[in-house]
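Here the structure comes first, spelled out in structure tokens, and everything after it is commentary.
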Amino acid sequence: MKKEYDLRKLRVKGRGARIPGHAKVMKTIRLDAEVLAWLMERAEEQGIGYQTLLNMLLRERMNRVVKPQDELRKEIRKIVRDEIRRAS
């Protein structure tokens, strides 16, 4: 047994009580080998699992989805700003 251990290398796993409604679902998906390799490299750099990284990336993208009416408003504002800029 060592006299002293380097605890910085330990990783805390998210095991324990789960918040109802936020349970993980086991599902099989197929990924291109290149995509999986990229995910695994990025996850290793961040010190997390590749599935955790994939979930984070998908959640980020999911939260960025713009509603069609918001997209239309943005486009109208852009057109109006361009027209005002041209007129001045």
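Where a number appears in this text, it was derived from the coordinates with a stated rule and is not lab data. All of these numbers come straight from a predicted model, not from anything done at the bench. So basically every Cβ, Gly included, is an ideal-geometry build from the backbone, and we count neighbours across all protein chains shown.
Quick check for me: using +1 on Lys/Arg Cβ and -1 on Asp/Glu Cβ, what's the dipole size of the chain about its Cα centre, in debye to the nearest 20?
440 debye
If you work out semi-axes √(5λ) of the Cα gyration tensor in Å from the coordinates, which of (1) 19, 15, 12; (2) 45, 18, 8; (3) 44, 19, 16 do you get?
For semi-axes √(5λ) of the Cα gyration tensor in Å, the calculated option is (3).
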